[in-house]
Each structure stands twice: as structure tokens, then as C-alpha cells.
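Input: a single structure, listed below in C-alpha cells.
The values are calculated or read from the model by the stated rules, or taken from the named source; none is laboratory data. Note that the structure is predicted; figures quoted are calculated from it, not measured. We place every Cβ from the backbone using ideal geometry, glycine too, and count neighbours over all the protein chains shown. Heavy atoms of the whole protein, side chains included, go into the accessibility calculation; ligands, DNA and RNA do not. Shrake-Rupley method; radii C 1.70, N 1.55, O 1.52, S 1.80 Å.
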Amino acid sequence: MTVSNVSKRRQPSLAQLRAFAAVAEHLHFRDAAAAIGMSQPALSGAVSALEEVLGVTLLERTTRKVLLSPAGERLAVRAKAVLSEVGALMEEAEAVRAPFTGALRLGVIPTVAPYLLPTVLRLVHDRYPDLDLQVHEEQTANLLDGLTSGRLDLLLLAVPLGVPGVSELPLFDEDFVLVTPLDHWLGGREGIPREALRELNLLLLDEGHCLRDQALDICREAGREDVPATTTAAGLSILVQLVAGGLGVTLLPRTAVKVETTRSSQLLTGFFADPAPTRRIALAMRTGAARSGEYDELAAALREAMRELPVRIVDRRADS
């Protein structure tokens, strides 16, 4: 078939592609319709119209569920790619039209959000009043999926990520400290050797938190291969309460110490000998993102705003 003949055929609309992509994701008409804000009859009609335009059956409909046909499996990938490119086109146009306006969907990990968001929100409010900042708190794996799929624009999280197609804009490094009960022999001490971690009852976050993985890496660097997960917690607040109750000790990033340890009078903070275990916090964006210039500027502004925190700001020029 020649190019001229293809161009004469009817073309699918974006609404049809969006409806089909939603059904392919949810495999349920009601859920798909709710996800894209379309009525169920309209969504069903859009998918049927797309099947007519393409001349293939995309779905296998039964009374109980919806399945993708073999053709639907293949074309769902194409539909998602087309919609992603259209989204990038709109993002590019918005960025050209006026920087720091419109929506910016920022993903943040739970072990960063409570401690850095006040600084981020204050900066955006004061310097970028026309920016519609939308914050999503999720674990790292979900955030990366949201970034690569286009659901999120920018991430604030611990690095390195090592993910192809994702660029990191480092902000700062921060030390970990040891939080203990009042009667612990390391409570309040300075110059604690990392090797002390080999014998401690270390409490960890649940699976899926990058801070858990970082704590385990620190233990391995100290020569400890195994940390029995007899007690874990969903968040740092619960973790610190467990420490105050005498169940063990834990590692906290310095930015979390002021917020979390003031909740109880039964805690002490100990500091490691140099070089202390650290983590790096950065912004992450899709490589080549249309708004990369804005994100660079935002990262520079955040580095200045975060100098008041107990962190070491990363000099972007020295790091690159």
C-alpha cells in the first residue's frame, strides 16, 4: 500500500486511542472510564470506533471480563507510545509558552517528604507563584514507573538510581545518625565506629523503602552480612517509636532527626566517626525532558534554599 493510499484512510482520534489505552491498562470498562473521566458508553463507543477504523478486533468481550486480543496486545503498545508523544508535544509547547507555569507533578519518597517538602513548598510559593505544584508521595519503584510512563514530571529522592533514560540533578549529601533508647551504651556518643553496627539490634523499614536498602548497605560495609528483620515499620515515625520503646536502635538521615526525635523524651542521638555513612538526595527527570532547563534552575534554587538544613550541598559544577 502506498503512502498516498494510507493517508486517504480514516485516522484514529486521540480520544479513541486514549479510551483503548485505558481499557488495555485496566481490563475493565467502568474502571477505565473513571480513570480518564469518560462515561462508560462513550468509552465503549470510542473503542468500537477505533476497531472499525483499524479494521481489527482489539478486545475480547465476555460477560465477566475484558481481554485483549492478540492484535490488541500489539496495538496497545503503539497506542501508549502515540499518547506519550502527544503528551511530550503538549509539554514542549507549554514550556516554550511560559516557564514555571502550568502543572508540575513532583514525586517524593516517604523518607524525604516530611522533612524537605516545607522548604520546597516555600520556595515554589515565593519564587514560582504561577507553578501548579502537584505532590505525590510514593516509594522509589512506583515513582520511577510514574516518571518513565509520563505520569510524573520530576522526582525528589535518594540516588544513585542507575536507570537508563533518567537524569539526576544532585542537591545534597546528608549523614546518617544512630538513634537509641536513653539507656543504650551508644546513646548520645560521638565518633561511633561503623563496626559497632555489627552487634546492634537494628530496626528497619518495610521492604520497598530505599532507606531500608541503604541501611543494609551500611551494615554490609561495616562487615555485617545479615540483619534479622524481626520487627519492621512502615514509616520513620513508627520506627522511632519502636526505638523509644526499647526494641532496638535505628539509622536516621540528619534531615529527619529534628522532626522525629522530638516526639519522645526517651531517645538519644549518636554520631558516627568520619567518614559517616551518607545518602545523596537529588531531583530526577527524564533525559531530554522538554522542561529540563526549568528543572536545572529549580535544582539550583533548591540547593540555595536547603543550605539552612543539616546537609552538605553538592556543587553541581564540581559534581559534573
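If you go through segment 95-104 one residue at a time, do you hit one that is within 14 Å of the chain's Cα centre (by Cα) and at pLDDT below 95? Within segment 95-104 (the criterion being within 14 Å of the chain's Cα centre (by Cα) and at pLDDT below 95), the answer is yes, since at least one residue qualifies. All of Gln16, Gln11 fail the test of being closer than 22 Å to Ser84 by Cβ and touching a Leu at 6+ places or on another chain (Cβ under 8 Å), apart from Gln16.
Listed here are the helices (runs of 4 or more DSSP H) enclosed by segment 182-291 that have at least 2 residues being farther than 30 Å from Leu104 by Cα: 210-221, 236-244. Mind listing whichever residues of segment 195-206 are open to solvent by 20 Å² or more (accessible area, probe 1.4 Å) and under 25 Å from Ala234 (Cα atoms)? Across segment 195-206, the qualifying residues are Arg198, Glu199, Asn201, Asp206.
So Arg254 fits all but one of (1) in contact with a Pro (Cβ under 9 Å, 6 or more places away or on another chain); (2) crowded, with 19+ Cβ neighbours inside 10 Å; (3) under 12 Å from Thr180 (Cα atoms); what number is the exception? Just one mismatch for Arg254, condition (3). Evaluate segment 84-105: report whether one residue or more is in contact with a His (Cβ under 9 Å, 6 or more places away or on another chain) and under 23 Å from Met285 (Cα atoms). Yes. Which fully enclosed helices (runs of 4 or more DSSP H) of segment 1-91 have 3 or more residues being under 30 Å from Leu154 (Cβ atoms), of a type in the set (A, V, I, L, M) and open to solvent by less than 40 Å² (accessible area, probe 1.4 Å)? The helices (runs of 4 or more DSSP H) meeting that bar are 14-26. Screening Val259, Val227, Val249 for residues that are modelled with pLDDT of 85 or more, out of contact with any Lys or Arg (no Cβ under 7 Å at 6 or more places or on another chain) and farther than 29 Å from Arg122 by Cβ leaves exactly one candidate, Val249. Does any residue of segment 221-233 turn out to be touching a Pro at 6+ places or on another chain (Cβ under 9 Å) and either on the phi > 0 side of the Ramachandran plot or without any contact (Cβ under 8 Å) to a residue 40 or more places away in the chain (or both)? Yes, there is a match, as at least one residue in segment 221-233 is touching a Pro at 6+ places or on another chain (Cβ under 9 Å) and either on the phi > 0 side of the Ramachandran plot or without any contact (Cβ under 8 Å) to a residue 40 or more places away in the chain (or both). Of all residues in segment 168-187, exactly one satisfies the criterion of being open to solvent by less than 50 Å² (accessible area, probe 1.4 Å), at pLDDT below 95 and over 25 Å from Asp206 (Cβ atoms), namely Gly187.
Contact map, segment 197-213: first residue of a type in the set (Gly, Ala, Ser), second residue assigned to a loop (DSSP other than H, G, I, E, B), Cβ cut-off under 6 Å, separation 6 or more or different chains; pairs are Gly208/Gln139.
Residue-wise test of (1) under 14 Å from Thr101 (Cα atoms); (2) in a helix (DSSP H, G or I).
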| site | (1), (2) |
| --- | --- |
| Thr119 | no, yes |
| Arg122 | no, yes |
| Asp126 | yes, yes |
| Gln134 | yes, no |
| Asn142 | no, yes |
| Gly146 | no, yes |
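Being more than 19 Å from Arg194 (Cβ to Cβ) and among the hydroxyl-bearing types (Ser, Thr, Tyr) holds for only one residue in Thr231, Thr269, Thr278, and it is Thr231. Summed over segment 148-181, residues that are farther than 22 Å from Ile313 by Cβ and either among the aromatic types (Phe, Trp, Tyr) or not in a strand (DSSP E or B) (or both) total 10.
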